[in-house]
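*Asks:* Before we start, here is the structure in question, set down as C-alpha cells.
All of the numbers you see were taken from the coordinates with simple rules; none came from a lab. What you are looking at is a predicted structure, and each value in this text was computed from that prediction instead of being measured. Methodologically, a virtual Cβ is constructed for each residue, glycine included, from the backbone with ideal geometry; neighbour enumeration extends over all protein chains shown.
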Amino acid sequence: MSFEVLGISVLWVFLYCYLIIASIDFGAGFFAYYSRITKREHIMSKLISRY
C-alpha cells in the first residue's frame, strides 16, 4: 500500500468518526432545545448531561 492510499484512508476514517460524534452532539443539542420548549428541562437535562 502506498503512502498516498494510506494517508487518504486515515483521513477518511477520521472524517467518518468526526461525523458520528458531531451527529450525536447535534442530537443532544436538539433534544435539549426540545426539552426547554416543552418545559421538561428538569427531566431531560440529567439524561443529556450523562452523555
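*Asks:* Any residue in segment 35-45 that is in a helix (DSSP H, G or I) and surrounded by fewer than 10 Cβ atoms within 10 Å (Cβ to Cβ)?
*Replies:* The answer is yes; a qualifying residue exists.
*Asks:* Related question: Among (1) among the hydrophobic types (A, V, I, L, M, F, W, C); (2) within 10 Å of the chain's Cα centre (by Cα); (3) surrounded by fewer than 10 Cβ atoms within 10 Å (Cβ to Cβ), which single condition is Val5 missing?
*Replies:* Exception for Val5: condition (2).
*Asks:* Find all pairs meeting these conditions: Cβ atoms under 9 angstrom apart; at least six residues apart or on different chains; first residue within segment 3-30 and free of Cβ contacts under 8 Å to residues at least 12 places away in the same chain; second residue surrounded by fewer than 10 Cβ atoms within 10 Å (Cβ to Cβ).
*Replies:* Ser9/Met1
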